[in-house]
Amino acid sequence: MDHVKHLKCLICGKEYATDEIEYICPDHGNEGIVDVRYDYDLIKTRISKESLAANDDYTIWRYKPLLPIEADAAVPPLSIGWTPLYDAPRLAEKLGLKHVWVKDDGRLPTASFKDRASAIAVVKAQEQNADIITTASTGNAAAALSGICASMEQPNVIFVPEAAPPAKIAQLLVYGSTVMLVKGTYDDAFELCLEAAAEYGWYNRNTAYNPYMTEGKKTAVYEICEQLNWNAPDAIFVSVGDGCIIGGLHKGLKDLLALGWIDHIPRIYGVQAEGSAFMYEAWRDGEDVLTKAPVSGKTVADSISAGLPRDRIKALAAVTETNGAYICVSDDEILTAIPNLARGVGVFAEPAGAAAYAGLVKAAADGLVSADDRIVVLNTGNGLKDIKGAMKSVEMVGTTPNRVETNLADLKQVMQEIK
Ligand SMILES: *Cc1c(COP(=O)(O)O)cnc(C)c1O
Ligand SMILES: [Zn+2]
């Protein structure tokens, strides 16, 4: 890993060699999130736009020289990355915009964006010959770790709140993880998992604790920019819970700018749910994210329910340093966005994924984006992850199924009625 210079603490600025600390800066309890810093001059000798154009590995590993792993590291066999970036002219037109794309990370192997991070976690854990990997999660990070571990025969222990959607719990059980359903919130599960990892010496994948998760998540913007022929978009919309994804997008864009592969950094818009709007409030009111009290975290979009966003330092910087904004949407707006996104471009998102689109709807109405902006909306999770949310969403827009008897006469009757 000669291309990694050091790990830099985002609170005190102290720099550590990669073998000096495993996860966090030890001077700040569990909060000392560090950032992986690279030697871009060295990286430039190993990867270029031209070498990428000739590379037919369409997974996140095409960007291996930019990832914090060894060049010869064994990677999971599942196909992670290079998800489609769909042009969405009908959505754009509806919002009075010209260029909107939707990147669908619901297409990843375990059906959420989290596969990008968990893939790195498993590679790092195996680098260290870890017996067991652990994580706490609202559901998707767990499913991602679980599925990727299954593909590599890696034992793992997963902590999720017992209220996680059944589909996500089913994934864990099917993949064969040891599952702990915690009788509490995600925040409770997170604390318990940290304690368990310390007690048993397990490899810890937890978001905003393990510095390498951001590095997996950044691959989404590499793909977006490469898919747009290195013409970076003007704005990116993403939903925010713990803030690791948004921090990862920002990191990836800074990498690309440092390499000279893009000529500007897009504005990043973080979308939060009203009941879980810690970052939005802190950004709006100029509050210190390290001392601000947790919020309730209550929202229909379980994947962005985070009372105390674990990656709040990176999450705030992603918006302030790119002149973006935080946007807050109601649960009703999130649910309404599910069928509208599905019908406008054919992408079926879980509530947290659709929240990003709900944020764009609001931003367009409020004039935060202009008609000419080239805008990317990131869908972070597949709609099949949360059928209860999906059924509520169609209720919101008044779509109901028709009931017919088993004969054509009755069908004709029904067809007449719905005309
Ligand atoms: C985890 C997740 C998010 C939010 O990511 P954070 O890093 O927690 O901000 C958004 N959408 C989906 C579907 C997720 O699984
Ligand atoms: Zn520090």
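Any read-out appearing in this document is the output of simple, stated calculations on the displayed coordinates, not a laboratory observation. What you are looking at is a predicted structure, and each value in this text was computed from that prediction instead of being measured. As a convention, Cβ positions derive from the backbone with ideal geometry for all residues, glycine included, and neighbour counts pool all protein chains shown.
What the table below lists for this structure:
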read-out: Mean projected area in nm² (Cα convex hull; one quarter of hull surface) for the range 299-419; value: 10.1
read-out: Neighbour net charge for I47 - beta-carbon separation under 13 angstrom, K R +1, D E -1; value: -1
read-out: Highest-MSF residue in the chain out of L378, L42, L145 [GNM, Cα springs under 10 Å]; value: L42
read-out: ³J(HN,Hα) computed for each position of the range 214-219 - Karplus, 6.51 cos²θ - 1.76 cosθ + 1.60, integer Hz, glycine/proline x; value: 3, 5, x, 5, 5, 4
read-out: Top positive-direction residue, dipole computed over the range 71-111 with Cβ charges, set W82, A92, V102; value: A92
read-out: Histogram of C-alpha separations across the range 281-336, 10 Å bin width, %; value: 20, 51, 28, 1
read-out: Amide H contacts under 5 Å for A277, placed H, 5+ residues apart; value: G297
read-out: Other-chain or far-sequence residues with amide H under 5 Å of E350's (modelled H); value: G381, N382, G383
read-out: Gyration tensor verdict on the range 154-197 (Cα atoms; rounded if a/c is under 1.5, prolate if a/b is larger than b/c, oblate otherwise); value: oblate
read-out: Percentage of interatomic Cα-Cα distances in the range 52-205 larger than 22 Å; value: 47
read-out: Electrostatic dipole magnitude of the range 166-229 [Cβ: Lys, Arg +1; Asp, Glu -1; Cα centre; debye, to 20]; value: 180
read-out: Alpha carbon centroid spacing (whole Å) that separates the range 376-390 from the range 92-155; value: 14
read-out: The range 174-326 - charge dipole about Cα centre, Lys and Arg +1 at Cβ, Asp and Glu -1, debye rounded to 20; value: 100
read-out: Listed residue (L378, V329, V361) projecting farthest to the positive dipole end of the chain, Cβ model; value: V361
read-out: Between the range 232-257 and the range 28-58, the alpha-carbon center distance in angstrom; value: 15
read-out: For the range 75-158, the fraction of alpha-carbon pairs in successive 5 Å shells from zero, as %; value: 3, 15, 22, 18, 12, 9, 8, 6, 5, 2, 1
read-out: Coordinate range along principal axes, alpha carbons of the range 121-171, Å, largest first; value: 33, 17, 13
read-out: Antiparallel bridges, percent of DSSP beta bridges restricted to the chain (to nearest 5); value: 30
read-out: About the Cα centre, charge dipole magnitude for the chain (Lys/Arg +1, Asp/Glu -1 at Cβ), debye; value: 960
read-out: For peptides 182-191, 332-341, 256-265, 398-407, sequence by mean Cβ density within 10 Å, most packed first; value: 332-341, 182-191, 256-265, 398-407
read-out: Relative contact order for the range 296-419, counting Cα pairs under 8 Å that sit 6 or more residues apart, in percent; value: 23
read-out: Radius ratio Rg over Rh of the range 249-325, counting only Cα atoms, Kirkwood formula for Rh; value: 1.03
read-out: Spin-label model distance (nm) - L408 vs E127, 7 Å beyond Cα toward Cβ; value: 6.7
read-out: Longest to shortest principal axis, alpha-carbon extents of the chain, angstrom; value: 74, 47, 46
read-out: Value of D in µm² per second that Stokes-Einstein yields for the range 179-306, Kirkwood Rh from Cα pairs, at 10 °C (1.306 mPa s); value: 97
read-out: Long-range HN-HN contacts of S239 with modeled amide H, under 5 Å; value: V271, A356
